[in-house]
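Here's the structure, in structure tokens; my notes come after.
The values are calculated or read from the model by the stated rules, or taken from the named source; none is laboratory data. In this text, all values refer to a predicted model and were calculated from it rather than measured experimentally. Here the Cβ positions follow ideal geometry from the backbone for every residue, glycine too, while neighbour counts run over all protein chains shown.
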Amino acid sequence: MRASQEDFESAMNQVKLLKKDPGNEVKLRLYALYKQATEGPCNMPKPGVFDFINKAKWDAWNALGSLPKETARQNYVDLVSSLTSSSESSTQVKPGADRGQQEYENLVVTSEDGITKIMFNRPTRKNAISTQMYQEIMLALKAASKDDSTITVVTGNGDYYCSGNDLANFTDIPPGGVEEKAKQSAIMLRDFVGTFIDFPKPLVAVVNGPAVGISVTILGLFDAVYASDRATFHTPFSHLGLSPEGCASYTFPKIMGPAKATEMLIFGKKLTAGEACAQGLVTEVFPDSTFQKEVWTRLKAYSKLPPNSMRISKQVIRNMEKEKLHAVNAEESSVLQERWLSDECINATMNFLSKKAKL
Ligand SMILES: CCCC/C=C/CC(=O)SCCNC(=O)CCNC(=O)[C@H](O)C(C)(C)COP(=O)(O)OP(=O)(O)OC[C@H]1O[C@@H](n2cnc3c(N)ncnc32)[C@H](O)[C@@H]1OP(=O)(O)O
């Protein structure tokens with residue numbers, strides 16, 4: 001049944017009453033559908049590249065192309081309905097629920113069968129990690145390190161595992177200017193990677209699709225990496241005028257040998273899941289059609305193993321390396337602080353944001 005004008009107006013009122021901020025992605029989608037439903041296809045001139053907010057709105061509306069007004073109206077009503085029902089009967093487990101509410105805008109965190117699952121949830125941006133999302137991932141990991149689960153899993157929602165750092169992060173320049181931005185980013189990067197280095201329980205990546213940049217490098221700090229055969233592994237640092245992070249400058253040569261690490265980290269060679277497995281970065285590859293079923297069956301079995309034993313084994317395996325990893329992390333973050341101010345990096349970022357280049 002098609003949504004009536006009355007349904008549409010009721011949905012607009014419901015949006016104003018939402019208890020939880022649905023996040024920028026959803027707000028943009030709502031904006032675009034509203035404009036399409038009321039005015040039809042986008043016919044406004046495109047805002048300038050530095051007019052970020054209006055450009056984001058314009059992009060969202062323009063992306064709807066010639067979607068008919070009635071379909072946009074229906075999609076708007078459906079989206080609002082999904083938001084109201086998810087805020088009423090959310091299956092999302094807030095990790096800090098018993099220590100004060102913790103809510104995430106860019107993650108879905110659930111805890112079940114002894115497993116805490118942290119799912120990247122910005123599928124329309126291919127799960128690119130925004131500044132806020134870095135903070136949320138750190139919070140979710142800290143909560144998971146203290147909860148009752150035995151294993152923690154990181155995965156992605158949608159067709160991508162994660163497209164790495166959100167390149168728009170560098171457009172939000174503080175009053176101190178670009179130098180201050182680079183300094184803040186280096187501190188955040190060091191804290192973010194440090195949280196993975198110090199994570200005390202078995203940490204497993206369930207790589208459901210392509211992985212890019214920092215989402216690949218930190219895999220070297222996971223205890224197991226299961227990948228769909230649709231996944232790819234890509235660290236295009238040189239293409240972006242960058243240098244490695246996530247301790248990959250240390251873990252990758254150790255895992256796959258210096259020559260293979262060079263191909264990935266310097267030349268930006270994209271690996272298939274099979275290649276990444278052959279090089280030791282991935283534990284096992286599964287056909288995409290049975291990936292979720294096979295992996296979760298296995299993880300549920302592992303989660304029943306004695307938790308203290310698993311935690312202590314991880315300490316024995318990893319603790320000797322911790323100091324080294326923190327030193328590598330500090331060095332990589334400091335080198336990147338310089339790289340972010342380089343012409344090579346600024347040009348590559350501007351090219352991506354103005355849509356001249358895609359990897
Ligand atoms: C502060 C700590 C910093 C730590 C540093 C980390 C370094 C890295 O992580 S380097 C890697 C950075 N990532 C990239 O360079 C990936 C950029 N994205 C792409 O090349 C492509 O989007 C893609 C190959 C991942 C996917 O291409 P596809 O054609 O399938 O989809 P799109 O239409 O491009 O994507 C949909 C939508 O999402 C936006 N988007 C995707 N990835 C990012 C990203 N990393 N940053 C910002 N935005 C991203 C993309 O622009 C699209 O937006 P529009 O719908 O508005 O066009």
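Give me a count of the residues in the range 34-69 that are in contact with a Pro (Cβ under 7 Å, 6 or more places away or on another chain), among the polar types (S, T, N, Q) and closer than 25 Å to residue 167 by Cα.
Total satisfying the criteria: 1.
On the basis of being under 20 Å from residue 186 (Cα atoms), touching a residue at least 24 places away in the same chain (Cβ under 8 Å), within 16 Å of the ligand (Cβ to nearest atom) and of a type in the set (Val, Ile, Thr), does residue 272 make the cut?
Here the answer is no, as residue 272 does not meet what is asked.
If you check 193, 109, which single one turns out to be at pLDDT 95 or above and more than 14 Å from the ligand (Cβ to nearest atom)?
Values: 193 fails: more than 14 Å from the ligand (Cβ to nearest atom).
After applying the criteria, what remains is 109.
Restricting to the range 173-187, count the residues that are within 13 Å of the ligand (Cβ to nearest atom) and within 14 Å of residue 335 (Cα to Cα).
Looking only at that region, the number is 6.
Out of the residues in the range 11-67 that are surrounded by 16 or more Cβ atoms within 10 Å (Cβ to Cβ), within 25 Å of the chain's Cα centre (by Cα) and in a loop (DSSP other than H, G, I, E, B), which is farthest from the ligand (Cβ to nearest atom)?
By that ranking, first place goes to 22.
Anything in the range 125-163 that is under 15 Å from residue 210 (Cβ atoms) and either within 11 Å of the ligand (Cβ to nearest atom) or touching a Ser or Thr at 6+ places or on another chain (Cβ under 7 Å) (or both)? List them, or say none.
The answer is 125, 126, 127, 128, 129, 158, 159, 160, 161, 162, 163.
Could you tell me whether any residue of the range 85-102 is among the acidic types (Asp, Glu), at pLDDT below 90, surrounded by 14 or more Cβ atoms within 10 Å (Cβ to Cβ) and not assigned by the TED database to the domain that holds residue 123?
Within the range 85-102, none of the residues are among the acidic types (Asp, Glu), at pLDDT below 90, surrounded by 14 or more Cβ atoms within 10 Å (Cβ to Cβ) and not assigned by the TED database to the domain that holds residue 123.
Can you find a residue in the range 293-315 that is within 14 Å of the ligand (Cβ to nearest atom) and in the same structural domain as residue 178 (by the TED database)? Please lay out each step first, then the result.
Of the range 293-315, the ones within 14 Å of the ligand (Cβ to nearest atom) are none.
Checked the range 293-315: no residue is within 14 Å of the ligand (Cβ to nearest atom) and in the same structural domain as residue 178 (by the TED database).
When you scan the range 233-240, do you find a residue that is buried (at least 19 other Cβ atoms within 10 Å of the Cβ), more than 9 Å from the ligand (Cβ to nearest atom) and of a type outside the set (Asp, Glu), even just one?
yes
Against the condition surrounded by fewer than 19 Cβ atoms within 10 Å (Cβ to Cβ), basic (Lys, Arg) and touching a residue at least 24 places away in the same chain (Cβ under 8 Å), how does residue 304 come out, does it pass?
Numbers: surrounded by fewer than 19 Cβ atoms within 10 Å (Cβ to Cβ): yes; basic (Lys, Arg): yes; touching a residue at least 24 places away in the same chain (Cβ under 8 Å): yes.
When the stated conditions are applied, residue 304 passes them.
Suppose we filter 299, 265 for residues that are crowded, with 20+ Cβ neighbours inside 10 Å and in contact (Cβ under 8 Å) with a residue 60 or more places away in the chain; which single one remains?
Exactly one residue qualifies, and that residue is 299.
Would you confirm, using the coordinates I've provided, whether residue 217 is out of contact with any strand residue (DSSP E or B) (no Cβ under 6 Å at 6 or more places or on another chain), under 30 Å from residue 307 (Cβ atoms) and within 13 Å of the ligand (Cβ to nearest atom)?
Values: out of contact with any strand residue (DSSP E or B) (no Cβ under 6 Å at 6 or more places or on another chain): yes; under 30 Å from residue 307 (Cβ atoms): yes; within 13 Å of the ligand (Cβ to nearest atom): yes.
Yes.
Condition first: within 22 Å of residue 56 (Cβ to Cβ), of a type in the set (Phe, Trp, Tyr) and not in a helix (DSSP H, G or I). Can you find one or more residues in the range 195-206 that meet it?
There is no residue in the range 195-206 that is within 22 Å of residue 56 (Cβ to Cβ), of a type in the set (Phe, Trp, Tyr) and not in a helix (DSSP H, G or I).
Report the residue count in the range 316-359 for those that are within 15 Å of the ligand (Cβ to nearest atom), farther than 23 Å from residue 182 by Cβ and part of a helix (DSSP H, G or I).
Residues flagged as within 15 Å of the ligand (Cβ to nearest atom), farther than 23 Å from residue 182 by Cβ and part of a helix (DSSP H, G or I) within the range 316-359 amount to 0.
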